[in-house]
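Sharing a structure, written as structure tokens. Questions coming.
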Amino acid sequence: MMLPFVLLVLLLMFMWVSLLSFPWTWVSYSVLGIEAVAAIFVLFIEYDGMKVQGAAGWTSFGFVGLSLYFAFLLGLIRLMVWGYFKFFS
């Protein structure tokens, strides 16, 4: 049940980074690597949490919150990069 949700979040993050179109290709690979490691970590925790009554599902909220914060931070960084190239280069 958790795997499609995590894959959807990964796909949305990839689309967001592609939309931002950073001038460096390593940014896309870094973001996808960080998100993939976080998703694997969350899946391991959720799998172990299924064994305890009422413990499963909470980590997914943290994963979504962290992904939203990371996406907002990437948007701000891209805005600063755009401003630097527009006004200082």
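Bear in mind these aren't lab numbers, they're just calculated from the coordinates by the rules spelled out. From a predicted model like this one, the values you see are computed outputs, not experimental measurements. In this analysis, Cβ positions are derived from the backbone assuming ideal geometry, glycine residues included, and neighbour counts consider all displayed protein chains.
Among the residues of segment 1-38, write down those that are more than 28 Å from residue 80 (Cα to Cα) and either in a helix (DSSP H, G or I) or in contact with a Leu (Cβ under 8 Å, 6 or more places away or on another chain) (or both).
2, 3, 4, 5, 6, 7, listed by residue number.
Would segment 63-84 turn up any residue that is part of a loop (DSSP other than H, G, I, E, B) and among the small types (Gly, Ala, Ser)?
Scanning segment 63-84, I find no residue that is part of a loop (DSSP other than H, G, I, E, B) and among the small types (Gly, Ala, Ser), so the answer is no.
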